[in-house]
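Engineer: A single structure is presented below for examination.
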Amino acid sequence: MKLFNKLWAFAMAGVICLSSGIAAFADETDDKYVTDASMVTTDTEAPTLSFDTPSWSDYVGTADTDVVKFELKSYNKSVYQGQSLSVRATSSGKVEDTDIAYNWECLDESNQPIFEAEKDESKKYINMGVELDAEKFGLECFNGATITFKYRIGTDAKGLFMANRFFAAPADADGNIIPDAKVSQFVINTAEANNVDMYANGVISVADLTEENNIPAAKFIIMLPVHSKADDVEVLSLDNLTVALKSGAQIKNVDDYNKNATANEGQIEVVEKQKRNSVDIDENDETTKGKVKKIISIVGISLLAIVVIVGIVFAIIKAKKRFY
């Protein structure tokens, strides 16, 4: 009888310890910037924005200027899957470089400046393009999140973009690029890393908040620096945009993803380098690998807990039969 009681106490202690360990591990990966838990899902089959129905318009906006206006339309031609978002630009005339003020520095592939940050704070910064607002996705900010999307640069966009590229970066609530944030750049390319005739992958990791990096990324902007005359020109197509969270969960689909539509696979992947204001092609996304490892660890701990508990219960049953 005493042996049975000891075994039972040991089993209960084991269950409590293992459960506490799993709970503690889960707490470490909780997403602290989530303000609406109903927007979060562990089902990663559907993207956050698929652009397959008009509902996307409640979550995506544009940052226009006096010179350049953008129009967003969903369409079903030259798409990645289902329907894609077409970003069209109209500009009233040539925008001189001296008329454009940026609060961030742009570096080329050799880490040389294409343009420097504007020092005159009286000037109005121009970060025109497509905007995402964290609040609409149930988040306080995008910090710690990874934003992925399929993109294709418009065939007529060459010569319209400053430095022949577009950019993506986190911004504050006023739409200003956060100082010292990574500004990813995507160069128009029709050669081996073709992002004009086919869809490519954009992967942007937003840094977590720290004592030094203490400005919340309330917005995320895909900047389209059109600086020449354009008359309703498609400059960019977007599809299957996902906001992945630090825990491995993501913001759920909000626009009725058409999972039965065939995806146009076999594209390249463009991933930012781990240095400020640059982007390059990389076959290994370390952020994604880290999330997969976390999920595998949680599953592994859970399976180990089940095996240990079953073994203890089995031993208790045998002991019970022996003494009774």
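The values are calculated or read from the model by the stated rules, or taken from the named source; none is laboratory data. Owing to the predicted nature of the structure, the values given are computational and were not obtained by experimental measurement. Ideal geometry is used to build each Cβ from the backbone, glycine not excepted, and the neighbour counts take in all protein chains shown.
Engineer: Give me a count of the residues in the range 135-183 that are in a loop (DSSP other than H, G, I, E, B) and aliphatic (A, V, I, L, M).
Structural biologist: The total comes to 7.
Engineer: Continuing with the same structure: Those residues that are outside any loop (DSSP other than H, G, I, E, B) and over 26 Å from GLY175 (Cα atoms), I need them from the range 38-64; list them, please.
Structural biologist: Across the range 38-64, the qualifying residues are SER38, THR41.
Engineer: Is it the case that LEU132 is modelled with pLDDT of 95 or more and in the same structural domain as GLU212 (by TED's automatic domain parsing)?
Structural biologist: In short, yes.
Engineer: Also, quick follow-up: May I ask you to say which residue of ALA173, ALA169, ALA218, ALA181 is closer than 24 Å to SER91 by Cβ, assigned by TED's automatic domain parsing to the domain that holds VAL79 and of a type in the set (Gly, Ala, Ser)?
Structural biologist: Criteria check complete, one pass: ALA169.
Engineer: From the list VAL226, VAL233, exactly one residue is modelled with pLDDT under 95 and buried (at least 22 other Cβ atoms within 10 Å of the Cβ). Which is it?
Structural biologist: After applying the criteria, what remains is VAL226.
Engineer: Considering only residues that are more than 23 Å from the chain's Cα centre (by Cα) and of a type in the set (Ser, Thr, Tyr), look in the range 79-94 and name the one that is surrounded by the fewest Cβ atoms within 10 Å (Cβ to Cβ).
Structural biologist: Per the stated criteria, the residue is SER92.
Engineer: Any idea which of (1) part of a loop (DSSP other than H, G, I, E, B); (2) at pLDDT 85 or above is the one VAL203 doesn't satisfy?
Structural biologist: Answer for VAL203: the failing condition is (1).
Engineer: Now, a different point. The conditions are (1) at pLDDT below 80; (2) farther than 19 Å from GLY154 by Cα, and TRP56 fails exactly one of them. Which is it?
Structural biologist: It is condition (1) that TRP56 fails.
Engineer: If the Cβ limit is 7 Å and pairs must be 6+ apart or interchain, which residue in the range 58-78 that is without any contact (Cβ under 8 Å) to a residue 40 or more places away in the chain and in the same structural domain as LYS229 (by TED's automatic domain parsing) pairs with which residue that is crowded, with 16+ Cβ neighbours inside 10 Å and of a type in the set (Val, Ile, Thr)?
Structural biologist: VAL67/VAL95; LYS69/THR90
Engineer: Continuing with the same structure: Which condition does PHE186 not pass, out of (1) assigned to a loop (DSSP other than H, G, I, E, B); (2) closer than 29 Å to GLU109 by Cβ; (3) aromatic (Phe, Trp, Tyr), if it passes all the others?
Structural biologist: Among (1) assigned to a loop (DSSP other than H, G, I, E, B); (2) closer than 29 Å to GLU109 by Cβ; (3) aromatic (Phe, Trp, Tyr), PHE186 violates only (1).
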